[in-house]
Amino acid sequence: LWQTNIRRLMAYSSIAHAGYMLIGVAVAFAFHEGSSSASGGVSATLFYLLVYVCASLGTFATLIVLGSTEHEISGVDELAGLARQRPFLAAIMAVFMFSLAGIPPLAGFWGKLALFSSAVNTATAASDNESFAWWFSVLAVGGALNAAIAAAYYLRIVARMYFRPVQTEIPVNGGIGASAAMVLCVALVLGLGLYPRSAGRATPF
């Protein structure tokens, strides 16, 4: 929450995203291989991995686009006023941040919902085993609470871009490779958010 280096923030937050995916892994191991519940845990994990990779790579690609060979964007405050200088790039970065935070209807929301739903469904299916059901209920509630906390530091970046005055001129010298990766990732995040079924039976919808 107090991290001011966006690259470190992304690295530290990856721990939480790994934890979300382990919820799906736990669901998969809780049932016999081949059962629908086990398959649901695996598919939810793979869907979330795809969503997270797209948003994370897209974020770093955008930072590369905004930087130059002489200076790379690292501080959160360096993005202040980006919406005024580079509104298109600010909108793309906001899409990645909203997806990582789990804001609907972006892909990150469906990924988190699939994982948390799999934990809730497992707890319900194991109602005859109170201890077993209790642990999966804790996983679902803990994941949801952590996602709410995580939203604070992702939305702080968006607030810097849209509600803070410009501090320094931000160059756009990242190159065509980073630009192409950024556009591809934002297209996948938006596409998977609007059409989550396109990634397979990863979500319960």
Given the conditions (1) open to solvent by less than 50 Å² (accessible area, probe 1.4 Å); (2) of a type in the set (A, V, I, L, M, F, W, C); (3) within 27 Å of residue 166 (Cα to Cα), every one holds for residue 114 apart from (3)
Residue that is nearest to residue 96 (Cα to Cα), among those in region 151-180 that are at pLDDT 90 or above and among the small types (Gly, Ala, Ser): 151
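If a residue counts only when it is without any contact (Cβ under 8 Å) to a residue 60 or more places away in the chain and closer than 26 Å to residue 190 by Cα, which helices (runs of 4 or more DSSP H) contained entirely in region 86-164 have at least 1 such residues? Working first, answer last.
Numbers: elements: 87-101, 107-125, 130-163.
Of the helices (runs of 4 or more DSSP H) lying wholly inside region 86-164, those with at least 1 residues that are without any contact (Cβ under 8 Å) to a residue 60 or more places away in the chain and closer than 26 Å to residue 190 by Cα span 87-101, 130-163.
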With respect to residue 57, determine if the residue is over 30 Å from residue 135 (Cα atoms) and open to solvent by 10 Å² or more (accessible area, probe 1.4 Å). yes
Residues (modelled with pLDDT of 90 or more, among the aliphatic types (A, V, I, L, M) and open to solvent by 50 Å² or more (accessible area, probe 1.4 Å)) located in region 1-43: 11, 15, 22, 25
Out of all the residues in region 167-185, which are open to solvent by 80 Å² or more (accessible area, probe 1.4 Å) and among the hydrophobic types (A, V, I, L, M, F, W, C)? 176, 184
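Would you mind finding the one in 138, 95, 120 that is among the β-branched types (Val, Ile, Thr), surrounded by fewer than 21 Cβ atoms within 10 Å (Cβ to Cβ) and in contact with a helix residue (DSSP H, G or I) (Cβ under 6 Å, 6 or more places away or on another chain)? Spell out how you get there, then give the answer.
Numbers: 138 fails: in contact with a helix residue (DSSP H, G or I) (Cβ under 6 Å, 6 or more places away or on another chain); 95 fails: surrounded by fewer than 21 Cβ atoms within 10 Å (Cβ to Cβ).
It is 120.
The values are calculated or read from the model by the stated rules, or taken from the named source; none is laboratory data. Bear in mind that the values here come from a model prediction, so they are computed numbers and not experimental data. We place every Cβ from the backbone using ideal geometry, glycine too, and count neighbours over all the protein chains shown. Side chains included, ligands, DNA and RNA excluded: accessible areas come from the protein's heavy atoms. Shrake-Rupley method; radii C 1.70, N 1.55, O 1.52, S 1.80 Å.
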